[in-house]
Amino acid sequence: MSKEIIVSGIRPTGNLHLGNYLGAVNNFIKMQYEHHCYFFIADYHSLTTHPNPADLHNNVKQVLVEYLACGLDPESCTLYIQSDLPQIPELYMMLNMHANLGELERVASFKDKARTQPNNINAGLLTYPVLMAADIIIHKATKVPVGKDQEQHLEMARTFGNRFNRVYQKEIFPEPFAFNYGNELIKIPGLQGGGKMSKSDGDGNVINLIDTPEVIRKKMSKAVTDAGATEPNTLPTVPVQNLFDIMKLVSTQDKLKHYQDLYASCSIRYGDFKKDLAEDMIVYLQPIREKISDIQQNENLLKKVARIGKEKASESANKTLKECREAIGFRSF
Ligand code: ADP
Ligand code: TRP
């Protein structure tokens, strides 16, 4: 298998949850041993919402800690903090000169914000896809592991890279495409009966990697089910199927089948089912939670990881920027 260049970023907005882990980070762990991977914490992207400085720092630290606890290995991948690379905003600025207002205004994520928060939109939000393109193409990435919601941004990264190549008549940037192992996109459902597990739907909808056993038991006791099956052998309702989907990932297949059979015979007791699922989640997440608390105390490790990541990512970014500067006509005397 030929090695791809892979780039992916995550905005530091709080703690990682089970959805982030099973849907994204878990895949990164595998990819890091098979490809050239650049994983970064997208703190420049956070600025669109004006976080306060202490929160921003703590959130970046927390994601770094949790990434390491999940098994990202800074020796096998390049793990860095976006704001450690001023090369990224330099490329962003260059790409901005060829980004048209109309195409940026048509981006779905921008249109949503412009509609729901018309008094709270800024140029950074408008040009978010340009910054994301810079993140990706600065390492000449060919593959980007992101969810479906990011497909339009990825298409724009291809557009901006191709446009730069065309304007300056140089084949600098290859086209980046979405990437998933086995083409299987998994969506981890939330605990409130519908939709995906997402922190934007409140803490009760997610199981965080740092949640203690007590917190997990409490959240699971409140997880939405239904009024109970009344007819045998009917398909589970969405909230119940959601919990089966989670059970499929954290419990044994025998246990899943046991509860599916109970459901099919209308004899499932949701209280027991949810308690059992909570205990399996606790066991599943325990090693990660323990690592998180160890790494959190280890400032020296974090410093070292950030420094090495910055060095490795800068090397790749500097190479690309040099080509771009030359192509544009910035030449040294
Ligand atoms: P959230 O929706 O909680 O704000 P993010 O949008 O920050 O999460 O997602 C970060 C990464 O985790 C993305 O790659 C995204 O595709 C993945 N991810 C988030 N929630 C889920 C989920 N419920 N199922 C699968 N993947 C998810
Ligand atoms: N926009 C992505 C999100 O909201 C995060 C992100 C920023 C990203 N830059 C990236 C993802 C580059 C992949 C590659 O989830």
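Readers should treat all values here as calculations from the given coordinates under stated rules, not as data from a laboratory. Predicted model only: the values in this text are computed from it and were never measured. In this analysis, Cβ positions are derived from the backbone assuming ideal geometry, glycine residues included, and neighbour counts consider all displayed protein chains.
Tabulated values for the structure
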item	result
Gap separating the Cα centres of the stretch 158-203 and the stretch 26-80, nearest whole Å	16 Å
Between the stretch 110-136 and the stretch 226-299, the alpha-carbon center distance in angstrom	37 Å
Sorted by Cβ density within 10 Å, fewest first, the residues 37, 77	77, 37
Least to most buried among 320, 230 (fewest other Cβ within 10 Å first)	230, 320
Net charge over other residues, Cβ less than 12 angstrom from the Cβ of residue 59 (K, R count +1; D, E count -1)	0
Least to most buried among 80, 284 (fewest other Cβ within 10 Å first)	284, 80
Rg over Rh [alpha-carbon atoms, Kirkwood Rh] for the stretch 199-293	0.99
Among 296, 313, 160 the positive-end extreme of the charge dipole of the chain (Cβ point charges)	160
Average Cα contact separation per residue, the chain, under 8 Å, 6 or more apart, as relative contact order %	22 percent
Surrounding net charge for residue 155, when Lys and Arg each add one and Asp and Glu each subtract one, Cβ distance under 14 Å	0
Cysteines having no other Cys beta carbon under 4.7 Å from their own, within the chain	70, 266, 324
Qualifying GluC sites (Glu not before Pro) for the stretch 11-92 [loop in DSSP, other Cβ within 10 Å: at most 14]	75
5 angstrom amide H check on residue 178, placed H, neighbours 5+ away	144
GluC sites (Glu not before Pro) restricted to the stretch 95-199 and DSSP loop, no more than 15 other C-beta within 10 Å	171, 184
Over the stretch 44-177: Rg over Rh, Cα atoms, Kirkwood Rh	0.98
Relative contact order of the stretch 199-293, pairs being alpha-carbon contacts under 8 Å that are 6 or more residues apart, as %	39 percent
Gain on full stretching of the segment that runs from residue 234 to residue 93 - 0.36 nm per residue minus C-alpha separation	45.1 nm
Share, in percent, of DSSP beta bridges within the chain that are antiparallel, nearest 5	15 percent
Set of lysines with alpha-carbon distance to residue 274 below 29 Å, sequence-local pairs under 8 removed	187, 196, 199, 218, 219, 222, 248, 255, 257, 291
Charge dipole (debye, nearest 20) of the stretch 199-293; +1 at Cβ of Lys and Arg, -1 at Cβ of Asp and Glu	200 debye
Isotropic mean projected area of the C-alpha convex hull, the stretch 117-260 (nm²)	13.4 nm²
For the chain, alpha-carbon Rg relative to the globular expectation (2.2 N^0.38 Å, N residues)	1.10
